[in-house]
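**Q** The structure's right below; bear with me while I get my questions together.
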Amino acid sequence: MKKFTRTIVAASLLAGLSFSAFADFKAGFVNTDRVFREANAAKTAQTRLEQEFSKREKELIALRDNLKRGSDAFERDAPTMSESQRVTKQRDLVEQDREFQRKSREFQEDLGNRKNEELAKVLDQANKIVQQVAEAEQYDVILQEAVYVNPKHDITDKVIKALNAAK
């Protein structure tokens, strides 16, 4: 019994010491999705991507529309075509579809790669700002992913304002 009491007292003492160590602990949270949506650097990157890829996107839309028109015309005219004409037209449509699918895949891959590059630049800038805010306001830890965060710990607005001011 005496040993049990000593263990309880020791555990209580350790709990009290560790609690006092965490009493000065300061944590913050940054919502990176909001940074990517609201920061001027992210908006500028999005505009740059739209300008860079708009021409190719229009070309893809034109290819898709042309393929659709050709397919509709084939369905409408197929009953009156000869067998050789039907086979030739089908081959042409299949080839056009393959070309469209290939260009569409390339477009999506290129767009994804460039988007990742641009977002990485914004994230790098944001991380530098987060580090500056953490050092200036003496945060012990800043989290970017969490299941729940009390709004009083959210420093996203500070980061966005500082990121916008940095440009």
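The values are calculated or read from the model by the stated rules, or taken from the named source; none is laboratory data. Fair warning: this is a prediction, and the values are worked out from it, not measured in the lab. Don't worry about glycine lacking a Cβ; one is built from the backbone with ideal geometry, like all the others, and counts go over all protein chains shown. Calculation scope for accessible area: heavy atoms of the full protein, side chains included, ligands and nucleic acids excluded. Shrake-Rupley method; radii C 1.70, N 1.55, O 1.52, S 1.80 Å.
**Q** Since Ala165 meets every condition but one in (1) closer than 17 Å to Phe36 by Cα; (2) within 22 Å of the chain's Cα centre (by Cα); (3) assigned to a helix (DSSP H, G or I), which condition does it not meet?
**A** (2)
**Q** Related question: When you scan the range 136-155, how many residues do you find that are under 12 Å from Lys26 (Cβ atoms) and acidic (Asp, Glu)?
**A** 2
**Q** Now, a different point. Specify which of the listed residues (Gln132, Gln101) is among the polar types (S, T, N, Q), open to solvent by 60 Å² or more (accessible area, probe 1.4 Å), at pLDDT 95 or above and assigned to a helix (DSSP H, G or I). Working first, answer last.
**A** Working: Gln132 fails: at pLDDT 95 or above.
Result: Gln101 is the single residue among Gln132, Gln101 that is among the polar types (S, T, N, Q), open to solvent by 60 Å² or more (accessible area, probe 1.4 Å), at pLDDT 95 or above and assigned to a helix (DSSP H, G or I).
**Q** Identify all residues within the range 27-56 that are among the polar types (S, T, N, Q), farther than 17 Å from Gly112 by Cα and part of a helix (DSSP H, G or I); write none if there are none. Talk me through it step by step, then tell me what you get.
**A** We begin by selecting, within the range 27-56, every residue among the polar types (S, T, N, Q); these are 31-32, 40, 44, 46-47, 51, 54.
Among the residues that remain, those that are also farther than 17 Å from Gly112 by Cα are: 31-32, 40.
Result: Thr32, Asn40.
**Q** Please find, within the range 9-56, the residue that is least open to solvent (accessible area, probe 1.4 Å) out of those that are modelled with pLDDT under 50 and not small (Gly, Ala, Ser). Step through it out loud before you land on a result.
**A** Taking the range 9-56 and keeping what is modelled with pLDDT under 50, we get 9-20.
Now restrict to residues that are not small (Gly, Ala, Ser): 9, 13-14, 17, 19.
Numbers: Val9: 90, Leu13: 116, Leu14: 117, Leu17: 106, Phe19: 149 Å².
Looking at residues that are modelled with pLDDT under 50 and not small (Gly, Ala, Ser), I get Val9.
**Q** Quick one: count up the residues across the range 154-167 that are open to solvent by 70 Å² or more (accessible area, probe 1.4 Å) and at pLDDT 90 or above. Show your work before the answer.
**A** Filtering the range 154-167 down to residues open to solvent by 70 Å² or more (accessible area, probe 1.4 Å) leaves 157-158, 161, 165-167.
Now narrow it down to the ones that are at pLDDT 90 or above: 157-158, 161, 165.
Total meeting the criteria: 4.
**Q** Quick check, is Arg64 touching a residue at least 24 places away in the same chain (Cβ under 8 Å), open to solvent by 80 Å² or more (accessible area, probe 1.4 Å) and more than 30 Å from Thr32 (Cα to Cα)? Even if it seems obvious, please write down each step before you answer.
**A** Values: touching a residue at least 24 places away in the same chain (Cβ under 8 Å): yes; open to solvent by 80 Å² or more (accessible area, probe 1.4 Å): yes; more than 30 Å from Thr32 (Cα to Cα): yes.
So Arg64 passes the test.
**Q** State which residue pairs qualify: first residue closer than 22 Å to Thr47 by Cβ and inside the range 122-142, second residue open to solvent by 80 Å² or more (accessible area, probe 1.4 Å) and of a type in the set (Lys, Arg) in any location, beta carbons under 9 Å apart, and separation of 6 or more residues or different chains.
**A** Gln125/Lys167; Ile129/Lys158
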